[in-house]
Amino acid sequence: MLTFALAGNPNTGKTTLFNALTGSTARVGNWPGVTVDKREGEYNAPNLPTISIVDLPGIYSLSPYTPEERIARSFLLETPIDCIVNVVDATSLERNLYLTTQLLELGLPMVLALNMMDGVREKGDSINAERLQENLQIPVVEISALKAENLPDLMDEAVKASAKKRQSHSALESTPLRDFVAYAKEQLTKKGARFALFEGIKLIEEDKITLESYPQEGLQLADFIRENPAYKGADMPCQIASYRYA
Ligand code: GDP
Ligand code: MG
């Protein structure tokens, strides 16, 4: 059995997709300790292994500030997942890809579900999915969860992706922050961190959860950044956010 996690911003159609994929197998419960819905179910197709689907809470970021963010983040980092299905609202791609840039840093198998393509077409727009796929280096599948369009394609791509290793990469590696990213990643790799790139970038962002796990590395990184004259006084979390959008 494979496990796929549906991750994305609120209102991108995750639950609609979840319901279309899992039908009568869907179960609703709560995430431990909080009153946030947890939906799990199975996707069955004749040519595929059974796939357990988990509908993660809607989030804008993998930061530690809201219960939804903490639930989604700990699920992605602590549960064996075969593929992340990143559900985005294709009518508002720019905003949605902010989270995508963070998910890509985990290095887990991942596909991008361009949802609400019916809405895109209705506006007379189109999306260059091939170009997006080249840039993100993950499969991109155009779907409509509402109209149940292309869902078997999405699952086929996700199953294929789950069978391959994926290297983590980050948009920040091609920005002036690249030296910090490389340094942080190297430090955490030495510590045996499973998500060294993701956690390394979280350290640069001064992320509370990662700082608690790696206090020593956090201090060393802060020194490394301070000693670099080009970045004196720069607000790192803010810079990172603007590079992600860029
Ligand atoms: P979630 O917050 O990500 O779980 O999003 P929901 O599944 O609750 O969907 C949010 C809204 O988007 C609902 O009104 C859905 O009917 C609508 N929606 C979901 N998928 C599609 C789609 O493919 N096309 C269109 N036009 N609307 C959709
Ligand atoms: Mg939902």
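The values are calculated or read from the model by the stated rules, or taken from the named source; none is laboratory data. Computed from a predicted structure; not experimentally measured. Note that we place each Cβ from the backbone using ideal geometry, even for glycine, and neighbour counts take in every protein chain shown. Surface accessibility is based on the protein's heavy atoms, side chains included, excluding ligands, DNA and RNA. Shrake-Rupley method; radii C 1.70, N 1.55, O 1.52, S 1.80 Å.
Do you know the relative contact order of segment 157-246, to the nearest whole percent, from alpha carbon pairs under 8 angstrom that are 6+ apart?
Working: 68 pairs, mean separation 23.2, N = 90.
Relative contact order of segment 157-246: 26 percent.
Can you compute the helix-only [θ] at 222 nm over the chain? Use -39500 (n - 2.57) per DSSP H run of at least 4 residues, normalise by all residues, nearest 500 deg cm²/dmol.
Values: 11 runs with 108 residues, N = 246.
-13000 deg cm²/dmol, from helical runs alone.
Which value in Å does the Kirkwood hydrodynamic radius of the chain take, with 1/r averaged over all unlike C-alpha pairs and then inverted?
Numbers: mean 1/r = 0.0533 Å⁻¹.
In the chain this quantity evaluates to 18.8 Å.
Out of the total accessible area of segment 29-140 (probe 1.4 Å, heavy atoms of protein only), what percent is carbon and sulfur? Let's see the in-between values first.
Working: 2250 of 4920 Å².
Carbon plus sulfur share of accessible area: 46 percent.
May I ask you to give the solvent-accessible area per residue for the chain, in square angstrom, as obtained with a 1.4 angstrom probe?
Details: 11970 Å² over 246 residues.
On a per-residue basis, 49 Å².
With respect to the cross-link table entries 14/147; 160/190; 14/185; 123/164; 164/185, which display a Cα-Cα separation exceeding 25 Å?
Values: 14/147 13 Å; 160/190 31 Å; 14/185 31 Å; 123/164 36 Å; 164/185 22 Å.
As for pairs spanning more than 25 Å Cα to Cα, those are 160/190; 14/185; 123/164.
Which distance in Å, rounded to a whole number, links the C-alpha centroids of segment 1-61 and segment 84-144?
Each part's Cα centre sits 18 Å from the other's.
Relative contact order (percent) for the chain, with alpha-carbon contacts under 8 angstrom and 6 or more residues of separation?
Values: 419 pairs, mean separation 41.1, N = 246.
Relative CO of the chain lands at 17 percent.
Could you state the per residue volume, in Å³, of the convex hull enclosing the Cα atoms of segment 159-246?
Values: hull volume 10.0 nm³, N = 88.
Convex hull of Cα atoms, per residue: 113 Å³.
Among 49, 189, 245, flag the residue with its Cα farthest along the positive direction of the charge dipole of the chain, charges on Cβ as +1 for Lys/Arg and -1 for Asp/Glu.
The listed residue farthest towards the positive side: 189.
Does anything in segment 1-30 have its amide N under 19 Å from the 7 Å Cα→Cβ label point of residue 148, and if so which residues?
13-27
On a 0 to 90 degree scale, rounded to 10, what angle separates helix 93-103 from the longest Cα axis of the chain?
Around 70 degrees separate the two axes.
Sort segment 150-197 into rounded, prolate or oblate with this rule: let a ≥ b ≥ c be the square roots of the eigenvalues of the Cα gyration tensor; rounded if a/c is under 1.5, and if a/c is not under 1.5, prolate when a/b is larger than b/c, oblate otherwise. Intermediate values should be presented prior to the final figure.
Working: a/c = 5.11, a/b = 2.06, b/c = 2.48.
Oblate, because a/c is 1.5 or more while a/b does not exceed b/c.
Between rounded, prolate and oblate, where does segment 41-159 land on the alpha carbon gyration tensor, with a ≥ b ≥ c its root eigenvalues, rounded for a/c under 1.5, else prolate if a/b exceeds b/c? Write down the numbers at each step before the final one.
Values: a/c = 1.62, a/b = 1.15, b/c = 1.41.
Cα axes put segment 41-159 in the oblate bin.
I need the shape label for segment 111-153. Rule: rounded when a/c is under 1.5, else prolate if a/b > b/c, else oblate, with a, b, c from the alpha carbon gyration tensor. Could you put the intermediate results ahead of the total?
Values: a/c = 3.11, a/b = 1.32, b/c = 2.37.
Oblate, because a/c is 1.5 or more while a/b does not exceed b/c.
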